[in-house]
Structure formats: C-alpha cells, structure tokens
Amino acid sequence: MALPPDGRRVKARTLCIGLSVLSALVLASCSPGLGRDSQTTARILFIGNSYTFFNSGIDHELEGLAPSVFATSLAKAGYSLEDHWNDDETMAMIQDGPWDYVVLQEQSQRPVLDPVAFLFFARALDGAIRDSGAQTILLMTWERPDSASGGVTSMGLAIAYDQVGEDLGVKVAPVGLAFARSGMERPDLVLYSADGHPTIHGTYLAACVLYGLIFGETPLGNSYTGSSITANDATHLQEVASETLGY
C-alpha cells in the first residue's frame, strides 16, 4: 500500500469484513486467555516473525510472568514490518483489538541494512496503532552471529532502534542490549543459534525485558521460571533484564 508523500502517520485501512478478519479472529481465539474478564491488566499484541514466535512465543512467556495479562502474536516467518503493513490480516488484527500495547519486531537485519525502510514502515504501523487507541513498543532484537560482520551487531541494532523510537516518540524494549549483557556475564548460557533464532532462555529474557518495561517494575523475584529453565538461570535472566532497564 502506498503511503502519503510525507511518510507521516497513516490511518489504518478499514478491513472489518471478509476472510482476513475471520482469520485474525480465529488466530486470536487459539491463544490462551482470550476470555479473561475485567481483571485483565493489559492486552498486548506482538507483531513480528520467527524471532517472536519461537519457543511458543514471547507472548506466552510474558503471560507466564504476568498471568493477568492477555498477550498474543501475529508473527510470520521472515516477515518485515513492510510485509506486515501490506498484510490485511495484520492490519485487521491491529484494528480489532482493543489493545493496550502493540509490540513491533522488525526483520532482524533490516534496522541496520535498510534503516530508511525500517523507519518508514515503523511510522506507518505506529500511525495505525495510535488510531486504534493502543501504544507502540519497539522490540530491539539482538546480534546475529551470521551477519555481525555486516554491522548487524548489538550496538548497531541498539542505535537503529533507539533512533526510530526517538523519532516516533515510542518506547523501545532493549532486548538486544539484555542479550549482550547476559553474554558478557554468562557466556556459557546460550541465548540464540547461529542465525539468531532465540533459545528458550533467549525468549524468556525477552519476556522479562517486556515485563519490566510495561509494568515499570523489576522482574527479579518473579516466581515464573519458564519452560525447561533452572531456577538459577531464571534468576540470572531476571537480573539481566532488571539491570538493562535500570532497576
């Protein structure tokens, strides 16, 4: 879909009928917690790709950390924010909500290799998210070992995400910086594979960072330790998330 010449906020398209909406509703209904009542503290939609949906998803781990939250995702392998902007299912799901937060995860290399497109489509989606009444959060991804030589490093990604966050006036979840911190403190704890896809420890750490950012409190001491994660490792990851956020 073409955007206005100034590239500023773009209103979401009206997609309230047809199979795309039905598909989005079916996807949402498959996520646990859709029927939660007024005690739900926040409704959160994750938009991304396999970095988001690996290991049952960051949304699943966030619900473990905050059981009163309803979180779900629309994440498709290899997708960029541009792909999501041009996907009727994504646009319908943003509109249909209601969401408190929509978390955007860009394709893992694009923020560094094509920062103009990153900003352009982050701005477009942020406009649709704001129009729906929700707030945007950018999920900073982490260094890819297979492309670090091309500048897709922790620092390169942090600079790119922080710049777009500043330009749009939205929060950035510094997950990539938390990964880097953990790597320095516990190099034995593997957070991602050679192509960057997260291990269960990486997904849990990402959820801890999101928890701290959204709720404004440290995840340290949370009783939820994730799937197949030892108590010691969970404590380390909670500490890393807390330190990265400045708690």
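The values are calculated or read from the model by the stated rules, or taken from the named source; none is laboratory data. Given the structure is predicted, the values throughout are model-derived calculations rather than measurements. Note that we place each Cβ from the backbone using ideal geometry, even for glycine, and neighbour counts take in every protein chain shown.
Remarks
- Selection over the stretch 109-129 of residues that are surrounded by fewer than 18 Cβ atoms within 10 Å (Cβ to Cβ), over 18 Å from Asp87 (Cα atoms) and in contact (Cβ under 8 Å) with a residue 24 or more places away in the chain gives a count of 2.
- A single member of Gly176, Gly150 is under 13 Å from the mean Cα position of the chain (by Cα) and either in contact (Cβ under 8 Å) with a residue 12 or more places away in the chain or farther than 20 Å from Leu113 by Cα (or both), and it is Gly176.
- Search result, residues across the stretch 198-247 that are outside any helix (DSSP H, G or I), among the β-branched types (Val, Ile, Thr) and under 14 Å from Gly64 (Cα atoms): Thr225, Ile229
- Given (1) of a type in the set (Val, Ile, Thr); (2) under 15 Å from the mean Cα position of the chain (by Cα); (3) farther than 21 Å from Ile137 by Cα, number of the condition Ile214 does not satisfy: (3)
- Count of the stretch 66-82 residues which are under 14 Å from the mean Cα position of the chain (by Cα) and in a helix (DSSP H, G or I): 1
- Matching entry among Gly165, Gly150 (being surrounded by 15 or more Cβ atoms within 10 Å (Cβ to Cβ) and of a type outside the set (Asp, Glu)): Gly165
- Meets criteria (under 20 Å from His236 (Cα atoms), assigned to a loop (DSSP other than H, G, I, E, B) and charged (D, E, K, R)) for Asp188: yes
- Whether a residue is under 18 Å from the mean Cα position of the chain (by Cα), polar (S, T, N, Q), at pLDDT 95 or above and surrounded by 15 or more Cβ atoms within 10 Å (Cβ to Cβ) was assessed, and Thr199 passes this test.
- All positions within the stretch 83-97 that are part of a loop (DSSP other than H, G, I, E, B) and either of a type in the set (D, E, K, R) or at pLDDT 95 or above (or both): Asn86, Asp87
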